[in-house]
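Worksheet: one structure, shown below.
Laboratory data are not the source of any read-out in this text; all were calculated from the coordinates shown. Since the model is a prediction, treat every value here as computed from it, not as a measurement. Note that we place each Cβ from the backbone using ideal geometry, even for glycine, and neighbour counts take in every protein chain shown.
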Amino acid sequence: MLHYDHYYTMGKTHAICEDFAIQADKPIPFIVLSDGCSSSSQTHIGARILTLTTKYIIENTADWPLNYTSFGQQLIDKAWNVARTMQLSSSVLDATVMLAFLYQDNILVYVYGDGCLLFKDYHNNLSTIEVVFTHNAPYYLTYWYDEERQKEYAKYDPTPLILIDSRQGQSQPKSFNEELAFCFPLEKFKVVAIASDGATYCVDTRHHRKLPLDEIATQLLNFPNLTDDFVKLHLQNTLAQYAQQGIYPADDLSMGVFAQ
């Protein structure tokens, strides 16, 4: 049986949580999370607009799934219409989007911006993929909508994208607009998770070090059971135990998990 749940929480250095996540089960189970850019204004609102618009698109698209590009374009078009109606600047939508959904016995993941993928096979081997932009400026969907901003972004660095794969090592630099679509067959993987880049910013304040992603992922995916709210309860307990050790997420953290 496939179980799924999500959780998001504010980082130690933030006054407002700019991460947001939701899940639903129609027409198929899906989880979407968004991480707002701290250097843009009111992106906590944009993160909510993007996730809720994602939910609307999935629930109202007869031929779902849309492919990576079609979904991304439709998402930013509709989200911008919402922001414009609310008389908000388009920069509120400067936020990543990670979508994971069930399709034909696979978990498909679309990533727009940066973030982390965490997954376990049936031998409990844990692997991670970190999606990173070297200049710390993710390629948000807002660049898709604004051609001038896209040109400026491309001029700054045309190949800033790197995938850090715990199995295959670090990739060569890739184009900023590389399609970031991943497929995880459920016959091979028993746990598939998406997480904002906050998973890479857990800091041990007593020993002045940042915990590596594989160490964090080991704890975050160590679910004692898969009952209701299994992600929420486990992350709350894990973060409480971390706090007793002087370990805190410096950045906002959101995570969605499919598990069997």
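When Rg is the radius of gyration of the Cα atoms in the range 78-208 and Rh is its Kirkwood radius, what does Rg/Rh come to?
Using only Cα positions, Rg/Rh for the range 78-208 is 1.02.
When the helix-only estimate is applied to the chain (DSSP H runs of n ≥ 4, each -39,500 (n - 2.57), divided by the residue count), what is the mean residue ellipticity at 222 nm, nearest 500 deg cm²/dmol?
Estimated from H runs of four or more residues: -8500 deg cm²/dmol.
Based on the mean of other beta carbon atoms within 10 Å per residue, what is the order of 85-97, 52-64, most packed first?
On the way: 85-97: 19.6, 52-64: 15.2.
Top of the packing list down: 85-97, 52-64.
As a quick test, which of the pairs 55/174; 155/190; 55/210; 155/188; 78/188 have an alpha carbon distance above 31 angstrom in this structure?
The pairs that break the limit, which is 31 Å between Cα atoms, are 155/190; 55/210; 155/188; 78/188.
Pulled fully out, how much extra length does the chain show between residue 181 and residue 69, if you take 0.36 nm times their separation in residues and subtract their Cα-Cα distance?
39.3 nm
Give me Rg/Rg_expected for the range 1-144, where Rg uses Cα atoms only and Rg_expected = 2.2 N^0.38 Å with N residues.
Scaled against compact globular proteins, the figure is 1.05.
Picking from 183, 54, 225, whose Cα lies most toward the positive end of the charge dipole for the chain (charges on Cβ: Lys, Arg +1; Asp, Glu -1)?
Going by the Cα projections, it comes out as 225.
Ordered by packing density, taken as the mean number of other Cβ atoms within 10 Å over each peptide's residues, highest first, how do 193-206, 231-244, 213-226 rank?
Peptide ranking by packing, descending: 193-206, 213-226, 231-244.
Filter the trypsin sites (Lys or Arg not before Pro) in the range 76-162 down to the DSSP loop ones having no more than 14 other Cβ atoms within 10 Å, then list what survives.
On the way: sites: 78, 84, 120, 149, 151, 155; in loops: none.
The qualifying sites: there are none.
Take the Cα radius of gyration of the chain and divide it by 2.2 N^0.38 Å, with N its residue count; two decimals is plenty.
0.96
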